[in-house]
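S.K.: Right, I'll just put the structure down here and ask away after.
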Amino acid sequence: MYVDKFPIKGKFNEFGGQFVPETLMQALQELEAAYMKLKDDPKFKRDLNRYLREYAGRPTPLSLAMNLSKKVGLKVYLKREDLAWTGAHKINNTLGQCLLAKYMGKKRVIAETGAGQHGVATATAAAMFGLKCEIYMGAKDVRRQKLNVFRMRLLDAKVHEVKSGSQTLKDAINEALRDWTTNVRTTYYLLGSVVGPHPYPTIVRDFQRVIGRETRKQILERENRLPDAIVACVGGGSNAIGIFYDFLDDDVKLYGIEAGGKGLRSGKHSATLCAGSEGVLHGSRSYVLQDKFGQILPTHSIAPGLDYPGVGPEHAFAKLRGRVKYDCVTDEEAMQAFKLLNETEGILPALESAHALAYLPKLRRTLGDGALVVANLSGRGDKDVEIAARYMGVKI
Amino acid sequence: MSRIDAKFKELRHEGKGALIAFITAGDTSPKLTPNIATALAEHADILELGIPFSDPIADGPTIQAADDRALSAGTTPETVFKIIRDIRKRSDIPIVVLSYYNIVLNPGVENFMKKLKTAGGDGIIIPDLPLEESKEALRAAKNHGISMILLATPTTTPERLKQICRASSGFLYLVSVLGVTGARRKLSKEVKDLVKKARAASMGRIPMAIGFGISKPRHVREVLKLGADAAIVGSAFVDLIARHKNNKRRMLNELDRFAKSLKAAC
């Protein structure tokens with residue numbers, strides 16, 4: 001039995017925990033208490049389900065991708081998180097946490113964002129719930145995800161461009177943590193992935209579990225059986241944990257695909273579980289990309305949402321237990337998959353999600369012809385058109 | 001008795017407060033740090049050396065920039081141990097390092113404490129390691145005769161404060177503000193309340209040092225008057241180092257003058 005695995009509060013074996021400045025401890029304890037009280041509260045659950053249904057457009061479809069299936073020699077279903085409002089799974093978590101913030105009486109929410117999807121989803125939920133919203137985003141990401149930056153501003157969120165460090169998601173989280181430390185009494189920190197100090201990895205996972213719950217019901221309706229495998233991309237790992245979680249106790253192979261960038265040997269990648277080691281970053285103990293002294297390494301991925309040197313502690317735990325197989329694909333492979341899904345199915349995937357799709361040919365070799373596979377299409381790719389064009393050497 | 005305990009005992013005897021001076025080790029170069037440290041040791045009672053880290057979440061822009069300069073100059077934890085050995089050849093000032101936890105965890109907590117002690121270090125502050133996660137570090141520090149200095153802040157509850165006082169050794173680090181490090185014009189209103197709470201919790205068992213935002217002699221006077229045993233000044237020293245990074249003689253003169261003015265307020 002996989003579930004029931006908390007020997008110590010907030011820990012996944014040695015992973016997880018609360019490695020934060022003392023100033024935040026009180027706030028984390030308050031958050032944990034509020035969440036534990038509300039998570040099984042019938043009214044909270046009813047409210048959240050209504051927002052997920054009427055606002056986010058859930059359940060999202062599970063689409064049989066006929067042409068792609070033929071091309072890769074598997075029977076592939078896509079879980080269409082790209083069709084959730086704001087265009088990615090991130091909305092599941094931001095609706096949940098904004099509702100939590102509202103119940104806790106907080107008036108201001110802050111968040112970090114990499115690709116901008118979590119920033120947009122936060123600004124969206126905050127606009128709807130009437131919360132003041134500020135988003136931290138690395139300057140490099142601001143440049144490469146302009147569309148999302150403008151969307152956040154349209155939603156009346158203030159976007160802070162973070163110019164320290166590598167100017168990506170890692171630095172955005174640093175800055176959001178600094179803001180939270182300063183404004184802890186009034187502010188709710190809406191973390192976007194299953195990373196950070198306890199209770200965030202648990203809260204975000206719980207709000208993303210809806211992906212797996214729906215998938216399970218839908219695949220049973222369509223195929224009358226569970227899939228042979230599920231594949232999802234892993235940056236911090238929220239879409240992956242969300243779709244995996246309700247299958248952990250089943251005979252379903254699970255694959256988490258990280259960003260191999262320009263190849264593991266080049267050093268230019270974000271494949272934390274494939275190439276990292278144990279460490280502490282952003283409040284939890286997990287796998288980290290670090291040098292031999294413990295300094296956090298710069299990362300690279302063509303997909304801004306995967307460009308992060310850490311990973312959720314529960315993924316580190318799943319790796320340790322051997323329950324999930326973690327592997328990676330390169331920028332080039334992800335880009336090929338990005339094109340392939342456009343050509344075969346008329347679907348524009350986010351570059352992050354394209355990493356999961358790029359693994360399908362490898363799965364055919366492992367699982368054999370015609371195996372039944374669900375790929376989590378965690379987001380849509382409108383935001384990535386410019387990056388893709390540049391990669392292909394096309395000026396738009 | 002440790003160097004830190006002996007220093008506080010000596011000052012209490014004289015009826016004086018302590019000045020704790022912070023700089024980032026290796027800023028602007030590892031070679032320069034022992035010279036800066038020796039200059040500061042003329043006036044400061046305890047030296048706090050930051051081990052530069054790539055992601056210092058408890059620090060404001062001033063110390064972030066210092067960490068970047070030190071890292072660009074090739075400073076590693078090993079370099080910092082060497083810097084401590086160099087300072088030890090010239091001064092007996094108590095030395096406390098400030099390090100984020102990943103740097104301590106990386107070589108193994110036990111191993112790190114051993115190296116720190118061997119180099120001549122006396123204490124350690126780990127700003128992202130709250131009491132709940134401190135067990136391993138506390139044990140290792142004790143094993144190697146290193147004082148582990150814990151932090152308390154305006155959001156720390158009285159019950160936690162009691163536990164933190166019990167676990168901390170050397171001194172207790174009171175964070176004067178909600179927020180990150182950095183010079184501020186005025187002391188926060190939270191300080192008074194915090195000192196009062198901390199005094200009730202510690203019952204005089206451990207010296208109390210106040211840090212974050214203290215940048216002027218009058219701040220030092222104020223916090224000592226509130227009943228603290230020490231004032232910690234960091235970003236204001238780091239600012240001087242940054243401002244005069246191209247003129248070392250001027251830098252050392254300014255640091256000396258500033259440290260002297262702060263100590264005069266103790």
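Read-outs: derived from the displayed coordinates by stated rules, not from any lab. Treat the numbers as computed from the prediction; the structure is a model and nothing was measured. Glycine gets a Cβ as well: all are built from the backbone with ideal geometry, and neighbour counts include every protein chain shown.
S.K.: Starting from the amide H of residue B:98, placed 1.01 Å from N in the peptide plane, find each other amide H under 5 Å away whose residue is 5 or more places distant or on another chain.
M.R.: Under 5 Å from the amide H of residue B:98: B:49, B:50, B:51, B:125.
S.K.: For the range A:214-272, calculate the relative contact order in percent as a whole number, restricting contacts to Cα pairs under 8 Å that are 6 or more residues apart.
M.R.: Details: 65 pairs, mean separation 17.1, N = 59.
In percent, rounded to a whole number, it is 29.
S.K.: Now, a different point. Quickly rank A:29-39, B:141-151 as a protection proxy: mean count of other C-beta atoms within 10 Å, highest first.
M.R.: On the way: A:29-39: 16.1, B:141-151: 20.4.
Top of the packing list down: B:141-151, A:29-39.
S.K.: Still on this structure, please answer the following. State whether the protein assembly as shown is rounded, prolate or oblate according to the following rule on the C-alpha gyration tensor (a ≥ b ≥ c being the square roots of its eigenvalues): a/c under 1.5 gives rounded; otherwise a/b larger than b/c gives prolate, and the remaining case gives oblate. Could the numbers behind the result be given before it?
M.R.: Numbers: a/c = 2.15, a/b = 1.91, b/c = 1.12.
Judged from the Cα gyration tensor, the protein assembly as shown comes out prolate (a/c at least 1.5, a/b above b/c).
S.K.: Sticking with this one: Tabulate in residue order the Karplus-calculated ³J(HN,Hα) for the range A:258-269, using 6.51 cos²θ - 1.76 cosθ + 1.60 with θ = phi - 60°, rounded to whole Hz; enter x for Gly and Pro.
M.R.: Here the 3J(HN,Hα) series is 9, 7, x, x, 8, x, 4, 5, 6, x, 9, 7 Hz.
S.K.: Could you pull out the trypsin sites (Lys or Arg not before Pro) across the range A:207-239 that fall in loop regions by DSSP (anything but H, G, I, E, B) with no more than 12 other Cβ atoms inside 10 Å?
M.R.: On the way: sites: A:209, A:213, A:216, A:217, A:222, A:225; in loops: A:225.
Passing both the DSSP loop test and the Cβ count: A:225.
S.K.: Could you list which residues have their amide H under 5 Å from that of residue A:285, counting only those 5 or more apart in sequence or on another chain, with H placed in the peptide plane?
M.R.: Under 5 Å from the amide H of residue A:285 lie the amide H atoms of A:16, A:17, each far enough along the sequence or on another chain.
S.K.: While we're looking at this one, here's another question. Do the alpha carbons of any pairs in A:11/A:170; A:45/B:197; A:90/B:135; B:9/B:135; B:89/B:263 sit beyond 30 Å of each other, and which pairs? Each step should come with its number before you reach the end.
M.R.: Numbers: A:11/A:170 22 Å; A:45/B:197 40 Å; A:90/B:135 36 Å; B:9/B:135 28 Å; B:89/B:263 23 Å.
Violating the 30 Å Cα-Cα cut-off are A:45/B:197; A:90/B:135.
S.K.: Write down the percent of antiparallel bridges among all DSSP beta bridges whose residues are both part of the protein assembly as shown, to the nearest 5. Before the final figure, lay out the partial values.
M.R.: On the way: 15 of 77 bridges.
Counting DSSP beta bridges with both partners in the protein assembly as shown, the antiparallel share is about 20 percent.
S.K.: Whole-Hz Karplus ³J(HN,Hα) for the range B:64-80, in order, using 6.51 cos²θ - 1.76 cosθ + 1.60 and θ = phi - 60°, x for Gly and Pro?
M.R.: 3J(HN,Hα) across the range B:64-80, in whole Hz: 4, 5, 5, 4, 4, 4, 5, 5, 5, 7, x, 6, 10, x, 4, 4, 5.
S.K.: Would you please give the residues with an amide H less than 5 Å from that of residue A:114, counting only those at least 5 places away or on a separate chain, with H modeled from the backbone geometry?
M.R.: Placed amide hydrogens put A:119 under 5 Å from residue A:114.
S.K.: Would you work out if chain B is rounded, prolate or oblate? Take a ≥ b ≥ c from the square roots of the eigenvalues of the alpha-carbon gyration tensor; rounded if a/c is under 1.5, else prolate when a/b is larger than b/c, oblate otherwise. Before the final figure, lay out each step's value.
M.R.: Numbers: a/c = 1.41, a/b = 1.12, b/c = 1.26.
Rounded.
S.K.: Normalised by the number of residues in the range A:142-230, what is the relative contact order in percent for Cα pairs under 8 Å and 6+ residues apart?
M.R.: On the way: 34 pairs, mean separation 8.7, N = 89.
In percent, rounded to a whole number, it is 10.
S.K.: How big is D for the range A:287-333, in µm² s⁻¹ as a whole number, if Stokes-Einstein is applied with the Kirkwood radius of its Cα pairs at 4 °C and 1.567 mPa s? Could you put the intermediate results ahead of the total?
M.R.: On the way: Rh = 12.3 Å.
This corresponds to a translational diffusion coefficient of 106 µm²/s.
S.K.: Now for a different question. May I have the extent of the alpha carbons of the range B:1-143 along their three principal axes, as whole Å values ordered from largest to smallest?
M.R.: Result for the range B:1-143: principal-axis Cα extents of 40, 34, 28 Å.
S.K.: Calculate the all-directions average of the projected area of the range B:138-263's alpha-carbon convex hull, and give it in nm². All intermediate terms of the calculation are to be shown ahead of the outcome.
M.R.: Numbers: hull surface 35.1 nm².
Computing the convex hull of the Cα atoms and averaging its projections yields 8.8 nm².
S.K.: Tell me which trypsin sites (Lys or Arg not before Pro) from the range A:91-152 have a DSSP coil assignment and no more than 14 other beta carbons within 10 Å of their own.
M.R.: On the way: sites: A:102, A:106, A:107, A:108, A:132, A:140, A:143, A:144, A:146, A:151; in loops: A:106, A:107.
Passing both the DSSP loop test and the Cβ count: A:107.
S.K.: Could you give me the percent of Cα pairs per 10 Å distance bin for chain A, shortest bin first, beginning at zero and ending with the bin that holds the maximum distance?
M.R.: Going from the shortest bin to the longest, the percentages are 5, 25, 37, 25, 7, 0.
S.K.: What shape does the range A:147-261 take by its C-alpha gyration tensor, where a ≥ b ≥ c are the square roots of the eigenvalues and a/c under 1.5 counts as rounded, a/b above b/c as prolate, and the rest as oblate? Spell out each step's value before the answer.
M.R.: Working: a/c = 2.25, a/b = 2.12, b/c = 1.06.
Here the range A:147-261 falls in the prolate category.
S.K.: Moving on to the next point. Using the Karplus curve 6.51 cos²θ - 1.76 cosθ + 1.60 with θ = phi - 60°, work out ³J(HN,Hα) for each residue of the range B:101-108 in order, rounded to whole Hz, and write x for Gly and Pro.
M.R.: 5, 4, 5, 6, 6, 3, x, x
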